[in-house]
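Please treat every number below as a calculation from the coordinates, not as lab data. Only a predicted model underlies this, so the values are computations on that prediction, with no experimental measurement involved. Note that we place each Cβ from the backbone using ideal geometry, even for glycine, and neighbour counts take in every protein chain shown.
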Amino acid sequence: MRVYVPLTLPGLAEAHRTGELGSSPFVAYGVTPALREWYLSDDIEELEYAALGRAAQASLRLLAADSGAVRRRVVVAVDVPDGATRVDPGRGLDPAVLGEVTVTVTVSLAKAAAVHVDADDARQDVTAAAGALTAADGGDDDAQFVVDGADDHELLWYATQEIPNLVDLG
């Protein structure tokens, strides 16, 4: 199963240093039954793109919690064995956790398929979005508009060989 692991640039640097994306268990995003139902598509590429988007939103939350991190969302795409993820069926279509999976094994960074990172020109919108998350979570429509502005920026695709260069950005 392809999963998308939300990180920050300091988190990517740590994964690069240790060689591990995370020790189990850790949260990632993938094509879950709830995501399929919410997205209403059978196209696996569209569904994986939706899971990537959910991971990008989770990366934004990590940025909001780490004021020292460079304001660029980071998502690592990695394939894990089919039995290596767990989905909480009790959470159903809760919008906050659509596509969320728990990875139950330690994952080597060497298994990563790609890394997705915001371009430098997204930093202003990502910074504003990270700052507006609390208000958006509280129902502030203007803050939600600011948070949604980060989604206007496509994450760039990087080969895993480029990770050392990405780590230098942080």
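Run lengths n ≥ 4 of DSSP H only: what is the helix-derived mean residue ellipticity at 222 nm for the chain, with -39500 (n - 2.57) per run over all residues, to the nearest 500?
-12500 deg cm²/dmol
Kirkwood hydrodynamic radius of the range 72-170 from all distinct Cα pairs, in Å?
15.7 Å
How big is the convex hull of the Cα atoms of the chain, per residue, in Å³?
Normalising the Cα hull of the chain by residue number yields 111 Å³.
Tabulate in residue order the Karplus-calculated ³J(HN,Hα) for the range 20-34, using 6.51 cos²θ - 1.76 cosθ + 1.60 with θ = phi - 60°, rounded to whole Hz; enter x for Gly and Pro.
Ordered by residue, 3J(HN,Hα) equals 10, 6, x, 8, 6, x, 8, 8, 9, 10, x, 7, 9, x, 5 Hz.
For Val27 and Asp137, calculate 0.36 nm times their separation in residues minus their Cα-Cα distance, and state this gained length in nm to one decimal.
That pair, Val27 and Asp137, stretches by 37.6 nm at full extension.
Using the 10 angstrom Cβ neighbour count as an exposure proxy, how do Phe26, Phe145 rank, fewest first?
Phe145, Phe26
Dipole magnitude of the chain about its Cα centre, charges +1 at Lys/Arg Cβ and -1 at Asp/Glu Cβ only, in debye to the nearest 20?
The calculated dipole for the chain is roughly 700 debye.
Taking amide H positions as placed in the peptide plane 1.01 Å from N, state which residues far from Arg73 in sequence (5 or more) or on other chains have amide H under 5 Å from it.
Excluding prolines and chain starts, which carry no amide H, the hits are Asp118.
For Ile44 and Ala65 in the same chain, what is the full-extension length gain: residue separation times 0.36 nm, less their Cα-Cα distance, in nm?
4.4 nm
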